[in-house]
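Readers should treat all values here as calculations from the given coordinates under stated rules, not as data from a laboratory. If you're wondering where the values come from, they're calculated on a predicted model, not measured in any experiment. Note that we place each Cβ from the backbone using ideal geometry, even for glycine, and neighbour counts take in every protein chain shown.
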Amino acid sequence: MQKNSIRRGALAVAAVSAALVMTGCQPGDAETSSPVSSGSTGTSGSTGAAVKACAAGSLKVSAYQAAVRPQGTGTGAAIVRFTNITGKPCVLRGHPTVAGAANGSPELNVPLKVTPTGSASPVKLAPGGRAWLKLTFVQVQGEGDGYCKSGSAPVVYPTMVIGLPGSGAHQVALDDGEFAECDGTVTATAVSAAKPA
């Protein structure tokens, strides 16, 4: 009889532990109650209630070539758009991490050196709301395969992996081409409610 009680107790502990693992805080579920940027795509101000960071699965991420970019024949600059695809508001924040996805394989990702530009403020995204950031690469010059002013070889990536603090990493392709860059560096704005050019 004592064995059955111990067994039932162990099963109850295992069930509670499993439930906590399934419903507990996951990466990217950090709470925040800081004031947020206002914008036409987000909600302004703080409601006083804590709003969670946008989890990776709550975002649709896409990228396209920026209208304003350095002279040259490569990508030059790209705009990355984050859309909240859930029915609840969430918060994005910070400057991104950026890696070139070599052949689309995560093990072969090549981290780029990110130079952050501008200040970072939390951006609250309403359901369906959008936020953006801009990546500016060292531009490829010339025709054909091109060249880098530094003498290094240009690199072309079919996709990039863009990460935001607390919101996961997202592999994205350009809507209109591939990412071409020199020197393994990128200048990045913080995520913002204002759409960059």
Integer Hz, Karplus 6.51/-1.76/1.60 couplings in order for the stretch 188-197, x for Gly and Pro: 10, 7, 6, 4, 8, 6, 8, 6, x, 8
Under a plain spin-label model, where a point goes 7 Å from the Cα along Cα-to-Cβ, how far apart in nm are Gln171 and Ala126? 3.4
Considering the Cα trace of the stretch 93-197, what is its radius of gyration and what is Dmax, both in angstroms? 14.5, 46
Counting only residues 5 or more apart in sequence or on a different chain, those whose built amide H sits under 5 Å from that of Thr75 are Val140, Ala180
